[in-house]
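Let me begin by presenting the structure, written as structure tokens, before commenting on it.
Where a number appears in this text, it was derived from the coordinates with a stated rule and is not lab data. Keep in mind the model is a prediction, meaning the values are calculated, not measured. Glycine also receives a Cβ, built like all others from the backbone with ideal geometry; neighbour counts cover every protein chain displayed.
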Amino acid sequence: MMSRRLSFLVVLFTFLLASPAMAEEKSAIRSILAERCLGCHGSREAKAGLRLDSRAAISKGGEGGPVVVPGKPAESRLIKAVNHAGDLKMPEKKLPATEIATLEKWVADGLPWTGDAEIPTPAANDPRLKHWAFQPITRPPVPKENGVNPVDAFIRAGLKTKGWSPAPPTDRRVFIRRVYFDLLGLPPSFEQVEAFANDPSKEAEAKLVDKLLDSPQYGERWGRHWLDIVRYAETCGYERDQVKPNIWKYRDWVINAFNADMPVDRFIREQLAGDEIPDRTEQSVIATGFLRLGTWNDEPNDANEYKYDRLEDMVHATGTAFIALTVKCARCHDHKFDPIKQTDYYRMASVFWSGYIEPGSRDHLGGPGTKVLGFDVHGWTDRGRTVPPIKLLKKGDPNRPGAVVEPGHLSTIAVLDKPFAPPPESAKTTHRRLQLANWMTDRQNPLTARVWVNRVWQHHFGLGLVRTPDNFGLTGEKPTHPELLDWLASELMANGWKTKPLHRLILLSETYRQSSIHPQQEEYAKTDAGNRLWWRAERQRLDAETLRDRLLAASGQIKLEPRGGLSFSPVIPPDALEGLSTKSAAWKPSPPTEQTRRSVYIFSKRGLLPPLLTTFDFPDTTLPSCQRDVTTVAPQALALMNNPFVHEQSGILAKRILKETSGQDAQIRQAWQLVLGRTPRPTEIQAAMAHLEKQSKTFAGRPEAATETLASLCHVLLNLNEFLYVD
Amino acid sequence: MKSFFPCGQTRREFVWEMGGGFAGLALTSLLASEGFTFGKEAAPAGPLAPKKPHFPVKAKACIFLMMNGGPSQVDTFDPKPTLEKFAGQPLPEGKKFINSGGRKMGFLTPSFRPFKPGGKSGLPVSDFFPKVREHADKLAVIRSCHTDSHAHGSALVAMNTGKTFIGRPSLGSWAVYGLGTANQDLPGYVVLMDKRGGPISGQPNWGSGFMSAAYSGMLFRPTGDPILDLRGPAHLSGAAQREQLDLMAKLNQEHLDARPGGRDLLARMNSYELAYRMQSATPEAVDLAKETKQTLEAYGVGQQPTDEFGRNCLIARRLVERGVRFVQLYSGGGHLEDTWDAHQSIEKNHGQHGKEVDQPIAALLSDLERRGLLDETLVIWGGEFGRMPFSEGKGEPGRNHNPYGFSMWMAGGGVKGGMAYGATDEFGFEAVEKKVHLHDLHATILHLMGLDHEQLTYFHQGRNERLTDVYGKVVKDIIA
């Protein structure tokens, strides 16, 4: 055990080794302690509960008891440790003999102490603190480039280093589709496409972007991105998979927040501490639903262990969502890659630490309910203004509590490193959540704004400027354009943390408007297959919800109003229920009038996510998901070829066309316009006609032959690559 | 330590390099050899393309016979004569355990059916498994298994994913992630349910967690079409569907022609042809019409109570024969007595479930052997935990959950037969000798399939994740 503790110290000691500048005799001890020991046993951190920065602390010792016996160096554990004489070897790289001798003499002399009572702990000089993401956000000058917006100026500067040029701009018909899917997750109609393509105004693009940003469907689209990150679902998972009543109100809060362009700092503060802020409202308290989105096992194996697993889940969700750091990795040991100490994990965990929460009661459904907590508090992680101290767990093991950790912020951001203040007199909670939120939204926090603008960029371009949106640490990727990332982050804050201006800036850039095909793409791809220089747009595959919404939009069935409210349960084939342990109680579809609502309102049951969505990479809901997979597998083709929902839409389309249009040619044209939003080319009309002829022969004699024939064509269109990909 | 995704390289970066294309864009399940090309572009090899194991081994496939609910070790594969002597006495004090569900505490209770030696090895197997006993020389019984949970939900998830909480990739996912699969017309990882229902916690038991959904288990339904969406409306089958696919191909080709280098588009076009083949390959794989009467009888198909599990065992053989990498079969579904969860009566519960599976399992082992497939197929038998050596109240014939000691066995696929490994204490209460934690079990299974559990990693949110986390020791003694 001793040697394990030792291994935690290794890294830091290595960084603290400085050239031994032996000062005069009196201060020699102070200098040795400061340089060799205080990195781990000082004011910043007290490993094994031991501090070595004052005579009193040294005399007191740590978890293992006293470390010195004044006058008797041979019996002092500290002296044994520096001599590497037992299991405990400190520091790992043995001190020079002269320093050991000084320490021995000092113990033998009875610990004489001069000067200030406490030796200040030297600033950390862990080189990992120099990692780009931990540096302050600056506002780099925009590269000089005529007539382009700042986004383009940064991107052009990058391309110039290779002598490359951006892809040519897309035409308006491609552009309007792109922005519709990007901002609303819905297709423009044929008429909308044509009106836009023929708009003579130079302001047409700007007007379009503004119109879509004002559309209530914008929040449904962008809110869904956030719901992925916070692992939103409406049940608890595990055996009983109980419904969390009213959690949909959180979903609506998210959607409304995007629609209202709620400042990001407010967005974060309400979710973490909507009940603790001075100007709290019913809505801000609903926002704290964030705190109870996780899974909830009401029959855990070991209640004590489970308590800490829940805590880890909260730290992970919070760390990932807002600051893209894998703080959870430091539960058992100092982070292997990032400058996040084990004590940092417990500092952040202290925010969600109640000391009391015991799973088991089925009333809790993801945390104690309003009955237990008082009528309006949705946060379940604290139950009073004072809580028991939180202890570091050795190796993360709940059965091995170690030293008490003082609640506070991550030491990783040195400029904001401080302990939490006690809650105000009148507070009902610890106010640690509010302090965490304030820390995150402090303009000096180098992560929050960068993480946010990166997400916005990611959902417009398919990937972020930082390609690992969930990890800004040392194992994450470096930004493709660090200056642009910083410029956007500073712009976000300068605009009062509002997101919509950021969308405008990006969507109206030439970088966004590039074609997905570049004349030199073969050559460019040889050295930049990952498109890190953003020399063209990337074709995007529709995500699961957008695909389903587009199917409903094509058939004209989609029901956009009313928005929000209780979720609906789609029809799921009985075959898909086979995997459930309690089949009968499993799934009750909502009435038909509900079935055509937007996918964001589908009831999200952890034990049974709708197969049509999961087949198209709807993410797992137990962990934060910051970037969806895009897979192409045969079951997706099976779903679109055979699923009754898809056939239902083709049938409805066919009936509509037959009712509204006569003549095969006109019917084909209308099918193309409704499904793909464009007029078919002559070769396509020809192929479609041949298809109708063949199918009508095959179906001849069937009562619905005419509808079935045209439905077959519509069904083919719904299956095309053009339907699933946006250029 | 070598790893698939070394530190500093993200999974997505890896995918780019492998696919040579843009991030995460074109993962397909196409056989690399299909390499249908367009201009200079080849469709990228998919996530399930066959991969070489880390080291050469015999096993190419795995069939995991999951006894959902937790069979009792002292009544099946771990004889404890001492229980006769101490019958009716309480478990000695000092044996610490969690009383799952706070059930009534009873007294030490001997095995409900006698054990008899099987095969040349004389490996003892109880009368709940008389036919499996005939294959004793093929079995390596691990008697010292232990796990981390006494509750079904978390113990099932642990047996399947290594952790007691949901959200991690399952064993089968790790297998197909590491090895791909041999037949691209069929899924690589198939799960066959019991008609009575699925396991507690459902999908996370065969999910791929943080891995791509391409590695997740495909549920084969016990009735009707084995997978969802295998068939559209009747009038669109056969020639009419082919006509649709031909039109799609034509229109997609025009679309692709205008988008040079569209590997993602090409991959999706290919996936339709694959799906078309799956429509016939999948029903064919589960269609028992061409099996001989003799075979059907051997598996107990058409007889009760063996029909259902017999069918599933036979389907499992047909699947591994056709190149499916990992098949998991559930015996028992839903809750309590519908599973091996014998709280009420071992005799009744294990009598029923034993009878349902004994003959089919024996037939599966014979059949695999006869076809020369046993050597390359690892067969695993066991539940999520075992049961207590004591009853639930005086004179009560049931037993409560026991995560501290239980038995599992393996056969085929390079496993030594006719042996027992490790031991529980004199009562069969807890593993004491050569203990095998479920991480060790997982490490061993991966090893038998040619995968080093420390090398098989998946980079996720800053960490090289493993099935065995930072644990796991291969049980070398059972490997031939």
Requested in this report: Quick one: what are the phi-derived ³J(HN,Hα) couplings along segment A:513-520, Karplus 6.51/-1.76/1.60 with θ = phi - 60°, whole Hz, x for glycine and proline?
Outcome: 7, 4, 6, 7, 10, 10, x, 9
Report summary line: Mean separation of Cα contacts under 8 Å (at least 6 apart) over the residue count of segment B:313-455, i.e. the relative contact order in percent, is 18
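Of the listed pairs A:Lys60/A:Lys394; A:Lys559/A:Lys605; B:Lys58/B:Lys476, which have alpha-carbon separations greater than 24 Å here? Show your work: numbers first, answer last.
Values: A:Lys60/A:Lys394 21 Å; A:Lys559/A:Lys605 22 Å; B:Lys58/B:Lys476 15 Å.
Exceeds cut-off: none, every pair is within range.
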Query raised in the report: Could you give P(r) for segment A:642-726, binned at 5 Å from zero, as whole percent values over all Cα-Cα pairs?
Result: 3, 15, 27, 29, 18, 7, 1, 0
Report summary line: Label model pair A:Glu305, A:Gln664: point-to-point distance (7 angstrom along the Cα→beta-carbon line) in nm is 6.9
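Thinking of segment A:419-466 as a set of Cα atoms, what percent of all their pairs are more than 16 Å apart? Present the calculation step by step, with values, prior to reporting the outcome.
Details: 618 of 1128 pairs.
In whole percent, the share of Cα-Cα pairs in segment A:419-466 beyond 16 Å is 55.
Return the average number of partner chain Cβ atoms within 10 angstrom of each residue Cβ along peptide B:194-207.
Working: counts 1, 2, 2, 9, 9, 4, 9, 9, 14, 8, 7, 2, 1, 3.
Averaged over the peptide's residues, the number is 6.
When you look at the Cβ of every residue in B:147-153, what mean number of other chain Cβ atoms sits within 10 Å? List each step's numbers first, then the result.
Numbers: counts 1, 3, 5, 3, 7, 3, 11.
Mean partner-chain Cβ count within 10 Å for B:147-153: 5.
Highest mean first, how do B:289-295, B:147-153 rank when packing is the count of other Cβ atoms within 10 Å averaged over residues? Provide the component values of the computation, followed by the final result.
Working: B:289-295: 10.3, B:147-153: 25.3.
Ranking, from highest mean packing down: B:147-153, B:289-295.
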Query raised in the report: Given q = 0.05, 0.08 Å⁻¹, what are the Debye log10 I(q)/I(0) values for the protein assembly as shown, with equal point scatterers placed on the Cα positions and solvent ignored?
Result: -0.38, -0.97
Query raised in the report: In terms of modelled amide H atoms, which long-range or inter-chain residues lie less than 5 Å from the amide H of A:Thr631?
Result: none
Query - Sequence-separation-based contact order of chain A, relative, with Cα cut under 8 Å and 6+ spacing, percent - result: 14
**Report entry** 3J(HN,Hα) from dihedral phi, segment A:545-554, Karplus parametrisation 6.51/-1.76/1.60, rounded to Hz, x for glycine, proline
**Finding:** 5, 5, 4, 5, 5, 5, 4, 5, 5, 4
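Calculated from DSSP H runs of 4 or more alone, at -39500 (n - 2.57) each and per residue, what is the 222 nm mean residue ellipticity of chain B, nearest 500? Before the final figure, lay out the partial values.
Numbers: 11 runs with 138 residues, N = 480.
Calculated from helices alone, the mean residue ellipticity at 222 nm is -9000 deg cm²/dmol.
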Query - Placed amide H near B:Leu123: partners under 5 Å, 5+ positions off or other chain - result: B:Gly118
Report summary line: Output for segment A:179-238: GluC sites (Glu not before Pro) sitting in coil per DSSP, at most 16 other Cβ within 10 Å, listed by number, reads A:Glu203
Query - Between 0 and 90°, nearest 10: helix B:438-448 axis offset from chain B longest Cα axis - result: 50
Report summary line: In the structure shown, of B:Lys138/B:Lys473; A:Lys162/A:Lys526; A:Lys144/A:Lys478; A:Lys328/A:Lys428, the pairs separated by more than 21 angstrom at the C-alpha atoms are B:Lys138/B:Lys473; A:Lys144/A:Lys478; A:Lys328/A:Lys428
Query raised in the report: Each residue of segment A:29-36 in turn: what ³J(HN,Hα) in whole Hz from Karplus with 6.51, -1.76, 1.60 and θ = phi - 60°, glycine and Pro shown as x?
Result: 4, 4, 5, 5, 4, 4, 7, 9
Query raised in the report: Using modelled backbone amide H atoms (1.01 Å from N, in-plane), which distant-in-sequence or interchain residues come within less than 5 Å of A:Arg597's amide H?
Result: A:Lys559
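Taking each residue in B:237-247, count the Cβ atoms of any other chain within 10 Å of its Cβ, then average. What number comes out? Kindly include the intermediate steps, with their values, before the conclusion.
Working: counts 1, 1, 3, 8, 4, 0, 7, 9, 4, 5, 15.
Average per residue, whole number: 5.
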**Report entry** Ordering of A:392-401, B:391-400, B:460-469, B:89-98 by packing [mean C-beta count within 10 Å, highest first]
**Finding:** B:460-469, B:391-400, A:392-401, B:89-98
Query raised in the report: Which of the lysines could a cross-linker span from B:Lys85 if the Cα-Cα distance has to be under 28 Å and same-chain partners fewer than 8 positions apart are dropped?
Result: B:Lys95, B:Lys96, B:Lys104, B:Lys116, B:Lys348, B:Lys394, B:Lys434, B:Lys435
Query - Charge dipole (chain A, unit charges on Cβ, about Cα centre) - positive-most of A:Val69, A:Ser201, A:Gln242 - result: A:Val69
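Calculated FRET efficiency, B:Ala289 and A:Gln686, Cβ-Cβ r, R0 41 Å, to nearest 0.05? Working shown, then result.
On the way: r = 43 Å, r/R0 = 1.05.
Efficiency for this residue pair is about 0.45.
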Query - Cα radius of gyration and Dmax for segment A:491-585 (Å) - result: 21.4, 58
Query - Eligible aspartates and glutamates near B:Lys416 by straight Cα distance, threshold 15 Å, same-chain separation 8 or greater - result: B:Asp137, B:Glu369, B:Asp375, B:Glu376, B:Asp477
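Please compute the alpha carbon radius of gyration of segment A:646-688, then divide it by the globular-protein estimate 2.2 N^0.38 Å. Two decimals is fine. Before the final figure, lay out the partial values.
Working: Rg = 10.2 Å, N = 43, 2.2 N^0.38 = 9.2 Å.
So the Cα radius of gyration is 1.11 times the expected 2.2 N^0.38 Å.
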Query raised in the report: So for the pair A:Asp528, A:Lys60, with labels modelled 7 Å out along Cα→Cβ, what separation do we get in nm?
Result: 5.7
Query raised in the report: Taking Cα atoms, how many degrees apart are the long axis of helix B:239-257 and the longest axis of chain B, rounded to 10 and kept between 0 and 90?
Result: 60
Report task. May I ask which residue of A:Val405, A:Ala537, A:Leu184 lies farthest towards the positive end of the charge dipole of the protein assembly as shown, with charges of +1 (Lys, Arg) and -1 (Asp, Glu) on Cβ and the Cα centre as origin? Result -> A:Val405
Report task. Any aspartates and glutamates with Cα under 13 Å of the A:Lys207 Cα? List them, leaving off those in the same chain fewer than 8 positions away. Result -> A:Asp199
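Using Cα-Cα distances under 8 Å and only pairs 6 or more residues apart, what relative contact order does segment B:125-197 have, in percent?
Working: 41 pairs, mean separation 9.4, N = 73.
After rounding, I find 13 percent.
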